[in-house]
Amino acid sequence: ATEHVDRTIGLIHEQGCKAGLVFNPATPLDWLMHVIDKLDLVLIMSVNPGFGGQKFIAATLPKIREIRKWIDRDRREIDLVVDGGIGPDTIESVALHGARVFVMGAAFFKTADYKCTVDSIRAKLAPY
């Protein structure tokens, strides 16, 4: 949303808030390398923003893995969040690639049995 990412992150922190950076599926990670030391979270969109219920874009998995390597290498306290197409069929792969926070909408809105869906998700995340 801005070409002044560093300045914007600074303004957010000056207000006592946490700052994050969001990457759409086709957005390269170039910006992240320059500001990762100032971030509290990184959000990877695994669908193209606009409407719910889209299919997970598997091509985002390498990007998730790369960010996890950067976070772990420098022992940073950064939440790696993934949003889009996350549900019982995709959450395990996303966790395996390094995400630790997941945004789910359609996975719950389209299920007939919330408890079954939650139990399935918890079981798949148990190893992580």
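The values are calculated or read from the model by the stated rules, or taken from the named source; none is laboratory data. Worth saying up front: this structure is predicted, and the values here are computed from it rather than measured. Heads up, the Cβs are rebuilt from the backbone with ideal geometry, glycines too, and the neighbour counts pull from every protein chain shown. The accessibility values were calculated without ligands, DNA or RNA, using every heavy atom of the protein model including side chains. Shrake-Rupley method; radii C 1.70, N 1.55, O 1.52, S 1.80 Å.
Structure notes:
- The chain - percent of accessible surface contributed by carbon and sulfur, probe 1.4 Å: 55 percent
- Cα-projected label distance for L41 with N24, points at 7 Å along beta-carbon direction, nm: 2.1 nm
- Per residue accessible area in Å² of the chain, where ligands, DNA and RNA are left out and the probe is 1.4 Å: 62 Å²
- Each residue of segment 41-48 was assigned a 3J(HN,Hα) from its phi angle through the Karplus expression (A = 6.51, B = -1.76, C = 1.60, θ = phi - 60°), giving 8, 10, 10, 9, 7, 9, 9, 7 Hz with x at Gly and Pro.
- Positive end of the dipole of segment 24-128 (Cβ unit charges, origin at the Cα centre): among I44, A126, W70, the Cα lying farthest that way belongs to A126.
- Over segment 1-44, Cα pairs under 8 Å with separation of 6+ residues give a relative contact order of 44 percent.
- For a straight C-alpha distance cut-off of 16 angstrom, the lysines reachable from K38 (same-chain residues fewer than eight places away being disregarded) are K18.
- In terms of packing, defined here as the mean over residues of other Cβ atoms within 10 angstrom, the peptides 93-100, 39-46, 116-123 line up highest first as 39-46, 93-100, 116-123.
- Contact order normalised by residue count of the chain, Cα under 8 Å, 6+ apart, percent: 20 percent
- Between E77, E92, E14, the Gaussian network model of the chain with springs among Cα atoms under 10 angstrom shows the greatest mean-square fluctuation at E14.
- Centre separation in Å (Cα based) which lies between segment 45-123 and segment 16-30: 15 Å
- Couplings 3J(HN,Hα) of segment 14-22, computed from phi: 4, 8, x, 9, 7, 10, x, 10, 10 Hz, in residue order, whole Hz [Karplus 6.51 cos²θ - 1.76 cosθ + 1.60, θ = phi - 60°; x for Gly and Pro].
- With distances taken between every two different alpha-carbon atoms, segment 72-128 has a Kirkwood hydrodynamic radius of 12.1 Å.
- By the Cα gyration tensor, segment 1-109 has an equivalent ellipsoid whose semi-axes, rounded to whole angstrom, run 24, 16, 13 from largest to smallest.
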